[in-house]
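The values are calculated or read from the model by the stated rules, or taken from the named source; none is laboratory data. Given the structure is predicted, the values throughout are model-derived calculations rather than measurements. Cβ coordinates were reconstructed from backbone atoms using ideal geometry, including for glycine residues, and neighbour counts include every protein chain displayed. Surface areas here come from the heavy atoms of the whole protein model, side chains and all, with no ligands, DNA or RNA. Shrake-Rupley method; radii C 1.70, N 1.55, O 1.52, S 1.80 Å.
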Amino acid sequence: MMKKFSLLVSLIAFMLFTTNCLAGNGRTHNARWTETKALEWYAHQPWMAGCNYIPATAINQIEMWHKNTFDPKQIDKELTWAEGLGFNTLRVFLSSVVWKNDAQGFKNRMNEFLTICNRHGIRPLFVFFDDCWNKESTYGKQPDPKPGIHNSGWVQDPSFSLRADTTKLYPVLKSYVQDILTTFGKDKRVLLWDLYNEPGNSGYGISSLPLLRKVFQWARECHPSQPITSGIWYYDVPALNAFQLTHSDVISYHCYNDEKEHGALIKFLKMLNRPLVCTEYMARKNNSRFENIMPLLKKEKVVAINWGFVSGKTNTIFAWDTPLPNVKEPALWFHDIFRQDGTPFDKKEVELIKSLTRR
């Protein structure tokens with residue numbers, strides 16, 4: 001999901017604007033965790049590794065959580081494979097659409113999902129909002145995957161058409177966020193909360209900042225026991241980065257670059273003196289692979305969460321920018337680790353992952 005930019009330009013813009021914000025924005029931090037509290041929290045965690053997770057049977061967040069398509073047996077089967085890799089966390093997208101139509105059922109399914117995770121020694125982090133991919137969503141039956149198209153059915157949350165009328169939208173989203181955080185905000189099965197995925201994507205730019213500000217405010221009002229964050233990913237709108245870095249309890253980020261550029265980014269982010277969580281990496285075509293990135297993340301004590309797990313309806317074995325509608329499976333998978341029968345795309349990768357997660 002991360003677009004390519006020059007790392008040098010990115011870091012310069014990043015440093016200039018975030019430094020100014022850090023220097024002059026202290027009064028807005030409110031209940032943000034102190035550096036000491038964040039580092040103490042992290043010191044009590046094992047090294048965390050996992051993946052962005054959606055079952056192979058779901059094309060998007062709605063299909064994962066809808067009462068008619070929630071698939072606990074499939075999830076349990078796949079998390080058996082995750083446990084076998086030594087994964088102890090997952091990043092999982094929620095759905096305001098499902099909550100709006102079936103709030104209690106949605107929370108019940110979240111609880112069931114957490115029970116399955118707990119059985120496999122996994123503590124997930126949940127994502128509320130997302131600016132990526134298709135602009136509109138519906139609560140009913142979801143579309144079939146488009147052959148060879150990466151994330152052909154993934155949906156933005158909230159939908160584009162709802163964003164113009166914030167007086168109507170924001171009260172609904174506030175109720176959604178606070179209902180979930182009131183229910184699970186002190187649940188020890190939850191690792192942390194990722195409030196907004198890639199704000200500014202899909203051409204939204206700076207227009208995503210008001211919702212980003214609001215979701216942090218709504219979350220803080222609930223006083224969750226887990227840390228909250230939103231990951232930096234896009235450096236052309238420095239105000240988004242500045243807000244994320246100065247309001248997140250732990251620093252999260254996306255990087256689909258090679259080990260040299262990824263390492264440079266880690267070096268810079270460590271100046272902020274907070275735990276680091278890489279919530280997206282691993283795009284083989286971009287030379288962001290398990291063999292060159294995962295050892296780096298472990299060495300630097302950064303939480304390692306790659307994109308993708310089981311090849312399924314999301315079609316993320318195909319690259320973002322390379323549609324292959326007539327190809328069943330690319331020679332080099334872009335994301336994902338396993339086929340639907342549990343066999344790995346690359347056995348050597350699986351052995352490497354196991355060697356790094358071995359406790």
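Of the trypsin sites (Lys or Arg not before Pro) in segment 170-259, the ones in a loop by DSSP (not H, G, I, E or B) with at most 13 other beta carbons within 10 Å are 186, 188.
Note that the chain presents 41 Å² accessible area per residue, ligands and nucleic acids not counted, probe 1.4 Å. Cross-link reach is defined here as a Cα-Cα straight distance under 28 Å, omitting same-chain residues fewer than 8 places apart; for residue 67 the lysines meeting it are 77, 100, 107, 135, 141, 146, 168, 174, 186, 188, 313. In this label model, residue 47 and residue 346 are separated by 1.9 nm, measuring between points 7 Å along each Cα→Cβ vector. Going through (i) 0.95; (ii) 0.93; (iii) 1.03, the figure that equals Rg/Rh (Cα atoms, Kirkwood Rh) as computed for the structure here is (ii). Each label was represented as a point 7 Å from its Cα along the Cα-to-Cβ direction; for residue 164 and residue 270 these points are 4.9 nm apart.
Quick one: pull the percent of accessible area on segment 221-359 belonging to carbon and sulfur, 1.4 Å probe, ligands and nucleic acids left out. Could the numbers behind the result be given before it?
Working: 2790 of 5370 Å².
Using a 1.4 Å probe with all protein chains present, segment 221-359 comes out at 52 percent carbon and sulfur.
Model label sites at residue 102 and residue 213, defined 7 Å from Cα along the beta-carbon direction, differ in position by 3.6 nm.
The share of alpha-carbon pairs in segment 110-244 lying farther apart than 25 Å comes to 33%.
The stretch between residue 36 and residue 225, if pulled fully straight at 0.36 nm per residue, gains 66.5 nm over its current Cα-Cα span.
For the chain, what is the mean residue ellipticity at 222 nm derived from helices alone (per DSSP H run of n ≥ 4: -39500 (n - 2.57); sum divided by total residues; nearest 500 deg cm²/dmol)?
Values: 12 runs with 144 residues, N = 359.
Value at 222 nm, helices only: -12500 deg cm²/dmol.
Determine which lysines satisfy two conditions relative to residue 301: a Cα distance under 16 Å, and not lying fewer than 8 residues away in the same chain. Of all the lysines, those that pass the test against residue 301 - Cα under 16 Å, at least 8 places apart if same chain - are 267, 270.
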